[in-house]
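Q: The following block contains the structure, expressed as structure tokens.
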Amino acid sequence: MPRRSLVLGLAMVLAVVLAIPAAADPKFVDGTVDEVSEEIECGAETIWRDRQGWYGLIQNVDHVSKYHIRITYRNVDGDKWRYQDTGSLHWFDVDGEAHISLSGHSTNVGPDATGWYGRWVFNLDQETVVSLVGKGQGDIDQAACDALTN
């Protein structure tokens, strides 16, 4: 994945993290905001995606952030389908080269830029995947569409 795409993808993850409210463990919370709600087109039908969560920096550890986002999809009949986007981002250096790791449940990351469960380490300087352990979850919006539409 090109570095620019990675940076944009991580920026999207952080933008979502920074735009989410919810109850959380107070030792981690640095910020919350109002709920984000969006329409998702599923062919001829529409469902809604609501996000709530929190984000925080762990004190005394360089460049680590945690996030916990509950994504609830709902249809016109009131049926719901949920996805938990939760984990940590860690920026670090190895032999002078910048790296980032993402661990947990995530959306829009991993080798196919979709849902991912596991740990992903990327060398930012070499623009290469260093380690990838886990399982792809596929497109989360599509999974919600499949679950909530006829």
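The values are calculated or read from the model by the stated rules, or taken from the named source; none is laboratory data. Owing to the predicted nature of the structure, the values given are computational and were not obtained by experimental measurement. No Cβ is skipped: glycine too gets one built from the backbone with ideal geometry, and neighbour counts run over all protein chains shown.
Q: Could you list, in sequence order, all residues of region 61-81 that are assigned to a strand (DSSP E or B) and at pLDDT 95 or above? Outline the logic, then answer.
A: First, the residues of region 61-81 that are assigned to a strand (DSSP E or B): 64-74, 80-81.
Listed by number, the residues that qualify are Tyr73, Arg74, Lys80, Trp81.
Q: If the requirement is being within 15 Å of Ile140 (Cβ to Cβ), modelled with pLDDT under 85 and among the small types (Gly, Ala, Ser), which of these qualifies: Gly9, Gly104? Outline the logic, then answer.
A: Details: Gly104 fails: modelled with pLDDT under 85.
Step by step, each of Gly9, Gly104 is checked, and only Gly9 is within 15 Å of Ile140 (Cβ to Cβ), modelled with pLDDT under 85 and among the small types (Gly, Ala, Ser).
Q: Count, please, the residues in region 66-100 that happen to be more than 23 Å from Asp139 (Cβ to Cβ) and either buried (at least 20 other Cβ atoms within 10 Å of the Cβ) or without any contact (Cβ under 8 Å) to a residue 24 or more places away in the chain (or both).
A: The qualifying residues number 5.
Q: Do we have Val130 as in a loop (DSSP other than H, G, I, E, B) and either among the hydrophobic types (A, V, I, L, M, F, W, C) or farther than 30 Å from Cys42 by Cβ (or both) here? Steps first, answer last, please.
A: Working: in a loop (DSSP other than H, G, I, E, B): no; either among the hydrophobic types (A, V, I, L, M, F, W, C) or farther than 30 Å from Cys42 by Cβ (or both): yes.
No, not satisfied.
Q: Consider Val33 carefully, then state whether it is in a loop (DSSP other than H, G, I, E, B) and at pLDDT below 90. Working first, answer last.
A: Values: in a loop (DSSP other than H, G, I, E, B): yes; at pLDDT below 90: yes.
Criteria met by Val33.
Q: Still on this model: Looking at this structure, is Ser131 within 26 Å of Gln52 (Cβ to Cβ) and free of Cβ contacts under 8 Å to residues at least 40 places away in the same chain? Give the derivation first.
A: Values: within 26 Å of Gln52 (Cβ to Cβ): no; free of Cβ contacts under 8 Å to residues at least 40 places away in the same chain: yes.
No.
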